[in-house]
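Undergrad: Dropping the structure in here first, questions after.
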Ligand SMILES: Cc1cc2nc3c(=O)[nH]c(=O)nc-3n(C[C@H](O)[C@H](O)[C@H](O)COP(=O)(O)OP(=O)(O)OC[C@H]3O[C@@H](n4cnc5c(N)ncnc54)[C@H](O)[C@@H]3O)c2cc1C
């Protein structure tokens, strides 16, 4: 656990007095303090989520939970392959803070809320809560998000997976390895990536041998398998009928540990609290989900939902970084002025705040799309999630870096969360489809499903007449996108489509100062490469005030 400070630290020291330091960050409600998120949640979902979000916001922003997040990342998970007698365990030992965080996340229903409700905007509940919790701790959100995302794939074969659904939806965190019938709740992971191919899952070499009925035996390896203490893993393997999706439980039906060997844990750049393992299946028991040969089609629903998690997780990382930076520049002075009162620092903060506003408005809109049932809306949801994943996750490292620099030297020091946020910041772009893969996915959707492009255009056009720069950019982009797009242009078109969607949402819903600055930055003349280069017409004070006064 982190250091709990009961009495204020001493500031009058023998050699100097400690002064000119910002207010401690802890003790704020991470939802109530976030005006952009609050507005987006209310607009897209109504007020049903408020009570939950306020409760989680208070918890995640408390000194205790922020300290848990720090402790879970300072104390790496440890692989325990064998017990003292040489028998296989294949377990990961986590610091107690990890278990507490997992329990809190499940208590607050981040893993299952949309599946327990029939409310419009229910996936927004997952996305908003995940964004809030991420600000305290990001690593635990990997198993939480995979468990949430597993539900559509479990539902694809309810005759076999009903006990899993029963334990997942409404379940509590129950860490010890036991048959699921004896557990109060379960978590699920996903194992697809192999050494010879991750994006190209058809290159998988894991083999599945039928044992009769839905039961199979798997032999092979997976190069990345996060949260290896999950109760089961969706995995891809070649059966005689082709690449097939399987559910591999940690405990097989006879109550024995399944033959899943944890070979080693990855020594990762960040995401330290979360274990990511290399695993091998040594004749592991598995249940077939869907038909043989339909593996990608079956598991893609899960991937689609985890992509929402990458978007929401990015919003959470951005928010914590921005809120920390705002706290610092509003509480520290240099050259006789508070940092935020220097025109150039205000320009930087306004630019960062603007990017955060655009990220939130898009993330919550995309989450809202996901719950729609009409086929066009579902197709638009797929496209919009890919667009949001592409641009938001890719921008995140530079965003966090700039927030880090706002702190000066202390931002580079591990006592602040900035180094941890920075190390975490590239990850959401890599997993669940790396940048190029997502961009190519978007291109494929545009060429195969022209109706999706028209649905996208109609959504952007809802802002028509609100800003001439946006209108011109939309016409230009649609002319380009309606023709066949060369593969090498995939990133370029993704970027422009995402910015347009963000612009359209901001013009419709954000205060004038925010929408105007965004359109000027992205659709006007001249764009700076670094933060703090908004056009001179931007109303920095108005943009910043939404961060300081919420
Ligand atoms: C911390 C962490 C945890 C992970 N956890 C899991 C997990 O739990 N389960 C799991 O299955 N996987 C997991 N992964 C793996 C992750 O999903 C893969 O690393 C990712 O999908 C990319 O696969 P790859 O590493 O084989 O890279 P490759 O597929 O070799 O790709 C390398 C690069 O080439 C690009 N590329 C690929 N194809 C093309 C193309 N056609 N045109 C242009 N560019 C292309 C990619 O965008 C990427 O930038 C995890 C990864 C990390 C870092």
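Undergrad: Order these peptides, 191-204, 348-361, by their mean beta-carbon neighbour count within 10 angstrom, highest first.
TA: Going from most to least packed, we get 348-361, 191-204.
Undergrad: Moving on. Take every DSSP beta bridge with both residues inside the chain and express the antiparallel ones as a percent of the total, to the nearest 5.
TA: 90
Undergrad: Mind pulling the angle between the C-alpha long axis of helix 512-523 and the longest principal axis of the chain? Nearest 10 degrees, somewhere in 0 to 90.
TA: 70
Undergrad: Could you work out [θ]222 nm for the chain from helices alone, using -39500 (n - 2.57) per DSSP H run of at least four and dividing by all its residues? Round to the nearest 500 deg cm²/dmol.
TA: -16500 deg cm²/dmol
Undergrad: May I pose another question? For helix 490-509, report the angle its Cα long axis makes with the longest principal axis of the Cα atoms of the chain; keep it between 0 and 90° and round to the nearest 10°.
TA: In the chain, helix 490-509 runs at an angle near 60 degrees to the longest axis.
Undergrad: Applying a 10 Å radius around every beta-carbon, put 232-241, 445-454 in order of their mean neighbour count, most first.
TA: 232-241, 445-454
Undergrad: Can you tell me the FRET efficiency between residue 116 and residue 525 if r is taken as the Cβ-Cβ distance and R0 is 45 Å, rounded to the nearest 0.05?
TA: 0.35
Undergrad: Using the alpha-carbon atoms, what tilt in degrees (0 to 90, nearest 10) does helix 295-329 show relative to the longest principal axis of the chain?
TA: The helix 295-329 is inclined about 30 degrees to the chain.
Undergrad: With the cut-off at 1.5 for a/c, could you classify the chain from its C-alpha gyration tensor as rounded, prolate or oblate?
TA: It is oblate, given that a/c is not under 1.5 and a/b is not larger than b/c.
Undergrad: Moving on to the next point. Stretch residue 476-residue 17 to full length: gain in nm at 0.36 nm per residue minus the Cα-Cα span?
TA: 159.3 nm
Undergrad: Shifting gears a bit: Which value results when the Cα radius of gyration for segment 180-295 is divided by 2.2 N^0.38 Å?
TA: Rg over 2.2 N^0.38 Å, computed on Cα atoms: 1.02.
No lab work stands behind these numbers, since they all come straight from the coordinates. Keep in mind the model is a prediction, meaning the values are calculated, not measured. All Cβ positions, glycine included, derive from the backbone under ideal geometry; neighbour counts span all protein chains shown.
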